[in-house]
Amino acid sequence: MMRTSALFLFVVFTTGLFQQPDPVNPDPESPRPIAAEDTVFLEAMTWMEIRDAIRQGKDTVLVATGGVEQNGPYLVTGKHNYVLRGTTEAIARQMGNALVAPIVPFVPEGNIDPPTEHMKYPGTISVTEETYQSLLTDICQSLRIHGFQRIVLLGDSGGNQTGLKVVSDKLTRQWKERNVATQIRYVPEYYDYAVLGDWLEEQGLHQEPEGYHDDFAMTAMMLTVDPLSVRMKQRIAAGNFRINGVELAPVEQTLQWGKRIVDYRARKTVKAIATAFE
């Protein structure tokens, strides 16, 4: 009897019947035990929520690039990343079938040593064009593996655009040669600040540039995400809560402008995305 019991225990432990689940490598088909959170941001979702969202039709993912750079005396260095938090959510929700990858904060901002362009100012973080494109490539390859059928590349800053197009073109060729189903598109229409300036003029909002890397549209959009990012309290205390000759008070009015601008940019981009995948 003792020999039989010992044999049974040996079989049980060597075959893994009593082994604990591996917390690092759980079963990919494990059921989700709780309701999903209502968010479009991958980094704010659990892996189970992402898996189930893809299976339920969220087949598109936005890959957006921002930057960390000098933006004048009022706006934080992560200006473009803050703006993207607002615009990408609006785009994804208007599309209905899209999620948003973690915003890529590190982009070419000038030569590092000796420093040029934005790198001349403290806090700026730059990467080489090669590093930037390699990072984008690996991000897109990862998202393809997880089942996204369409990948959209967007950039909120001028220095981001070339790399986005290069990566999109390269992966399009590679995936076509390998008969990969996933499609990728760079959508330059998102980077529309010149057009946005004309639109604001049409709405009756006229600016007189003060020489800062800043303007009313940027401030208004960032305000909808985080008032701290535009140093609202400090500017009010200093009596200069304005930019390019446009008063930012009352703040409620500027917030409404920010929401209108985000919505305007989102609607334009959603149309451009639809055209890009035709």
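The values are calculated or read from the model by the stated rules, or taken from the named source; none is laboratory data. Predicted model only: the values in this text are computed from it and were never measured. Positions of Cβ are generated from backbone atoms using ideal geometry, with glycine treated the same way; all protein chains shown enter the neighbour counts.
Quick one: in the range 208-241, of everything that is surrounded by fewer than 13 Cβ atoms within 10 Å (Cβ to Cβ) and acidic (Asp, Glu), which residue is modelled with the highest pLDDT? Out of the qualifying residues, it is Glu208. Taking residues in the range 111-130 that are closer than 15 Å to Lys79 by Cβ and in contact (Cβ under 8 Å) with a residue 40 or more places away in the chain, and partners anywhere that are of a type in the set (Lys, Arg) and surrounded by 13 or more Cβ atoms within 10 Å (Cβ to Cβ), not one pair has Cβ atoms closer than 7 Å while being at least 6 places apart or on different chains. Of the residues making up the range 95-152, those that are in contact with a Gly (Cβ under 9 Å, 6 or more places away or on another chain), within 16 Å of Phe41 (Cα to Cα) and of a type outside the set (Val, Ile, Thr) are Gly96, Asn97, Pro105.
Can you tell me which residues in the range 242-269 are aliphatic (A, V, I, L, M), surrounded by 17 or more Cβ atoms within 10 Å (Cβ to Cβ) and in contact with a strand residue (DSSP E or B) (Cβ under 9 Å, 6 or more places away or on another chain)?
Looking only at the range 242-269, we keep the residues that are aliphatic (A, V, I, L, M), and these are 243, 246, 248-249, 251, 255, 261-262, 266.
Now narrow it down to the ones that are surrounded by 17 or more Cβ atoms within 10 Å (Cβ to Cβ): 243, 246, 248, 261-262, 266.
Within the range 242-269, just Leu248 meets the criteria.
Just one of (1) closer than 30 Å to Asn240 by Cα; (2) surrounded by fewer than 18 Cβ atoms within 10 Å (Cβ to Cβ) trips up Pro114, so point out which. So the condition that Pro114 fails would be (1).
The criterion of being surrounded by 17 or more Cβ atoms within 10 Å (Cβ to Cβ) and over 22 Å from Ala272 (Cα atoms) does not hold for Asp156. Looking across the range 232-259 at every residue that is touching a residue at least 12 places away in the same chain (Cβ under 8 Å) and within 23 Å of the chain's Cα centre (by Cα), the one that is farthest from Glu210 (Cα to Cα) is identified as Lys259. Can you confirm whether the range 90-102 contains a residue that is within 20 Å of Gly78 (Cβ to Cβ) and either part of a loop (DSSP other than H, G, I, E, B) or basic (Lys, Arg) (or both)? Checked the range 90-102: at least one residue is within 20 Å of Gly78 (Cβ to Cβ) and either part of a loop (DSSP other than H, G, I, E, B) or basic (Lys, Arg) (or both).
Listed here are the residues, each with its yes/no results for (1) loosely packed, with under 15 Cβ neighbours inside 10 Å; (2) closer than 26 Å to Leu248 by Cβ.
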| position | (1), (2) |
| --- | --- |
| Glu49 | no, no |
| Ala64 | no, yes |
| Pro73 | yes, yes |
| Ile103 | no, yes |
| Thr131 | yes, no |
| Ile145 | yes, no |
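Return the only residue of Leu205, Leu200, Leu171 being within 21 Å of the chain's Cα centre (by Cα), surrounded by 14 or more Cβ atoms within 10 Å (Cβ to Cβ) and of a type outside the set (S, T, N, Q). Of Leu205, Leu200, Leu171, the one residue that is within 21 Å of the chain's Cα centre (by Cα), surrounded by 14 or more Cβ atoms within 10 Å (Cβ to Cβ) and of a type outside the set (S, T, N, Q) is Leu171.
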